[in-house]
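A.B. asks: Attaching a single structure in C-alpha cells format; questions to follow.
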Amino acid sequence: MKREKLSILGIGPIYVGIIIILTNILVFLQNKGYFKSGIVPFLKIPFMIIGIVCMLVGIVLWVSAVFQSKISRNVKEMKLVTTGVFAFVRNPIYSAFMFCCWGASFISNNLYFLFTIPLYWGLLTVLVKKTEEVWLKEIFGDEYIAYCKRVNRCIPWLSRHTK
C-alpha cells in the first residue's frame, strides 16, 4: 500500500528520547560515583575539545535542517529534500541529536561512554532503515533510491556528493 502522507516527526521522538535518556542516565550515574575507573585525567582536554566539536556539529546540522531547509514545510508538501544540509546527510535532525549526545559522552571524560558512538549510530541505522526509508522508497521510488546512493544516512560526508 502506497503512503499518501509523511509524518513530520517520523521516528524522531523515539530515537531522540532513547539517546537523551541514556546519555543523561550515564552522566547522572557518573556524577553519583559510578564508572570511576573509566575516567582518564590526561584525556580530559582532548575529550572536552572533541565533545564541543560534536555538539557544534549537532547544532549546525539541526539549524541547517530546520531553518535553512525548512524541512517541516517540505514534508507537509510531500517534497523530497536533497539540497542544503540534506545533500550531505539524509537524516540531519536525528544526526544532530546523535552528535550532541556523543558530545556529552566525550565531555564526561569517561572511556566507558565511548560505547555510545556505535550504539547510537546502530540504533539510528536500524530504526530509519525499518521505517522511514521504507516509506520514502514507497513515495519517491527511484528518486529516493538514487539519493540514498549519493548521501550517507547518519554521518555528514562530502565524497559522494562532490563526485
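The values are calculated or read from the model by the stated rules, or taken from the named source; none is laboratory data. Treat the numbers as computed from the prediction; the structure is a model and nothing was measured. Every residue, glycine among them, receives a Cβ derived from its backbone with ideal geometry; neighbour counts consider all protein chains shown.
A.B. asks: Can you give me the number of residues within segment 60-76 that are in a loop (DSSP other than H, G, I, E, B) and over 21 Å from residue 140 (Cβ atoms)?
C.D. replies: 0
A.B. asks: Further question on the same structure: Could you list, in sequence order, all residues of segment 78-93 that are within 12 Å of the chain's Cα centre (by Cα) and of a type in the set (Lys, Arg)?
C.D. replies: Once the filter is applied, which keeps residues that are within 12 Å of the chain's Cα centre (by Cα) and of a type in the set (Lys, Arg), segment 78-93 yields only 90.
A.B. asks: Could you please find all residues in segment 77-90 being in a helix (DSSP H, G or I) and without any contact (Cβ under 8 Å) to a residue 60 or more places away in the chain?
C.D. replies: Across segment 77-90, the qualifying residue is only 84.
A.B. asks: Would it be correct to say that residue 54 is touching a residue at least 60 places away in the same chain (Cβ under 8 Å), in a helix (DSSP H, G or I) and not aliphatic (A, V, I, L, M)?
C.D. replies: Taking the combined requirement at face value, the residue does not satisfy it.
A.B. asks: From the list 96, 104, exactly one residue is within 16 Å of the chain's Cα centre (by Cα), modelled with pLDDT of 95 or more, of a type in the set (A, V, I, L, M) and over 25 Å from residue 150 (Cβ atoms). Which is it?
C.D. replies: Answer to the check: 104.
A.B. asks: For segment 9-50, enumerate the residues that are surrounded by 12 or more Cβ atoms within 10 Å (Cβ to Cβ) and either among the aromatic types (Phe, Trp, Tyr) or in contact with a Pro (Cβ under 8 Å, 6 or more places away or on another chain) (or both).
C.D. replies: Matches in segment 9-50: 15, 34, 35, 47.
A.B. asks: Answer yes or no: is there a residue in segment 137-157 that is within 14 Å of the chain's Cα centre (by Cα), assigned to a helix (DSSP H, G or I) and of a type in the set (Lys, Arg).
C.D. replies: No: zero hits.
A.B. asks: Based on this model, can you work out whether residue 30 counts as modelled with pLDDT under 95 and in contact with a Gly (Cβ under 9 Å, 6 or more places away or on another chain)?
C.D. replies: no
A.B. asks: For segment 114-131, give me the residue count where each residue is in a helix (DSSP H, G or I), farther than 27 Å from residue 44 by Cβ and more than 11 Å from the chain's Cα centre (by Cα).
C.D. replies: 4
A.B. asks: Identify, please: which residue in segment 73-96 is of a type outside the set (Gly, Ala, Ser) and surrounded by 22 or more Cβ atoms within 10 Å (Cβ to Cβ) and is, among those, nearest to residue 17 (Cα to Cα)?
C.D. replies: Going through the qualifying residues, I end up with 94.
A.B. asks: Answer yes or no as to whether residue 49 is touching a helix residue (DSSP H, G or I) at 6+ places or on another chain (Cβ under 9 Å), in a helix (DSSP H, G or I) and at pLDDT 95 or above.
C.D. replies: Yes; evaluated as a whole, the condition is true for this residue.
A.B. asks: Among the numbered criteria (1) closer than 24 Å to residue 140 by Cα; (2) assigned to a helix (DSSP H, G or I); (3) in contact with a Cys (Cβ under 9 Å, 6 or more places away or on another chain), which single criterion is violated by residue 98?
C.D. replies: The number of the failed condition is (1).
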